[in-house]
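The structure appears below as structure tokens.
The values are calculated or read from the model by the stated rules, or taken from the named source; none is laboratory data. Since the structure is predicted, the reported quantities are computational estimates derived from the model, not experimental observations. Cβ placement follows ideal geometry from the backbone for every residue including glycine, while neighbour counts extend to all protein chains displayed. Surface areas here come from the heavy atoms of the whole protein model, side chains and all, with no ligands, DNA or RNA. Shrake-Rupley method; radii C 1.70, N 1.55, O 1.52, S 1.80 Å.
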Amino acid sequence: MFKKILIANRGEIALRVICACKELGIKTVAVYSEADRHSLHVRFADEAVCIGPAKSARSYLDIPSVISAAEITNVDAIHPGYGFLSENANFAEVCETSGLTFIGPKPDVIRTMGSKQLAREAMAKAGLPIVPGSAGIVESPEHGLETAAKIGYPVILKATAGGGGRGMRVVNEASELPGMLAQAQAEAGGAFACPDVYVEKYIRKPRHIEFQVLADQHGNVEILGERECSIQRRHQKLIEESPSPRVSPELRQEMTARLKVAMKEVGYTNAGTVEFLMDEDGSLYFIEVNARVQVEHPVTELVTGIDIVKAQIRIAAGEPLSAILTEPVTIRGHAIECRINAENPDTFAPSAGRITGLNLPGGIGVRVDTWAYTDCVVPPYYDSLVAKLICFGKDRSEAITRSLRALDMFIVEGIHTSIPLHHRILSDPEFQSGDIDTGYIARFLAKK
Ligand code: MV4
């Protein structure tokens, strides 16, 4: 097992990794930017190294600075958390060539999954249902029109290097396609330095459902059920839950069997998430793989009892899944996560500043993952996540009731947060019915 791990991240996920290391008896090294000098991840790690100025490009994203910190402190491995360098195949490669274990999949697998089109091809070959669409990238307007005519309108153009909805265009009829293809290519070229675009059948009112994977380095794969992540605004998830109200035990069992085969076939290792869209008929179509631990992993931890971050570390150290998961994976109860962001609840504008008063809720079935403390400062440089409220109940109804009472007891003063928005969503009969899709937030906000 590793003796010392460097955590190449900040905020709540850096603390989450520190918790796992403490429980495994592993020493930790925090890295921090000048804006994070007084952060809790710096305080709770055994050692801490300042790696640069506030801007991420010069600190948390700066590969030479992170590697230098790892070499100075003599760590065995690096945990990248989520965001920042977590899905950077070059960084994973530099770690390995520097004699450091990267806690994640192998660089070539990260690279394949980073290209949505390559991931789509690999997963189709490995037996997963994909959204009908182009076999490769769209080479020309003529090629796009030909493919779209075959699959039928509406279609969606997607950047193969894409993320966060950038480089995406919905095309309702042939006349719009050439113009929208040029727009998507220009946007993708600007945002990702890769203009490649592919085309898929557009699925109306999809649900976003993702499966949690753990895979060891000996060819063993386990699936830890699914998460429902349809409550999103502008491609930012707000609320996630497990299990999905729309996935039956039979569907879960079928997807588990298929995913075990597929992930083994693509050589996937460590933790990962396979995202699907569910259409109105309840069919699932693969869209992408997230080759990292995700923000919403706690809902899966609460319904399976499995510590995903500890599992990541043990897998990276070479342990077989049979030693990590000593009982068959089962799903019990229901968990809901509310992302508490530092933002104006009406305009959604980021709300940086000092937290002058704080009360974190607790009690039965309540977990709060946060880096916040009284008098801490939310810097304007990074994402606005300040806390995750994760509530567990015997069923969805109890998880909702518990979340509502925990939101009542969650006090953050000095900055605006999304707490009132979560209260309104969880009180909404439409949310409570469980019949939710990715259009929910737009409808909800229009209702008010
Ligand atoms: C789609 C889609 C409809 N049809 N693909 C948005 C971001 C990326 N992860 C995939 N996305 C979508 N892909 C097809 N073929 C609709 C979306 C989509 C969406 C997906 C998940 C969660 C929220 C969303 C909001 C708008 C559009």
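Below, the figures for the structure above:
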{"item": "Flag if K448 is modelled with pLDDT under 95 and among the basic types (K, R)", "result": "yes"}
{"item": "Out of A30, A69, sole residue that is open to solvent by less than 10 Å² (accessible area, probe 1.4 Å), under 19 Å from N90 (Cα atoms) and touching a strand residue (DSSP E or B) at 6+ places or on another chain (Cβ under 8 Å)", "result": "A69"}
{"item": "Residue identified as open to solvent by less than 20 Å² (accessible area, probe 1.4 Å) and of a type in the set (S, T, N, Q) among N290, N344", "result": "N290"}
{"item": "Single residue of I436, I419 found to be of a type in the set (V, I, T) and over 15 Å from N341 (Cβ atoms)", "result": "I436"}
{"item": "So D307, is it charged (D, E, K, R) and out of contact with any strand residue (DSSP E or B) (no Cβ under 6 Å at 6 or more places or on another chain)", "result": "yes"}
{"item": "Test set (1) among the aromatic types (F, W, Y); (2) closer than 27 Å to A387 by Cβ; (3) more than 16 Å from the ligand (Cβ to nearest atom) - Y268 fails condition number", "result": "(2)"}
{"item": "Tally of residues being in a helix (DSSP H, G or I) and surrounded by fewer than 18 Cβ atoms within 10 Å (Cβ to Cβ) across the stretch 227-255", "result": "6"}
{"item": "Subset tally (residues that are more than 24 Å from the chain's Cα centre (by Cα) and β-branched (V, I, T)) for the stretch 171-220", "result": "1"}
{"item": "Any pair with Cβ under 8 angstrom, 6 or more apart, that starts in the stretch 70-84 at a residue that is without any contact (Cβ under 8 Å) to a residue 60 or more places away in the chain and ends at one that is polar (S, T, N, Q) and surrounded by fewer than 21 Cβ atoms within 10 Å (Cβ to Cβ)", "result": "E71/S98"}
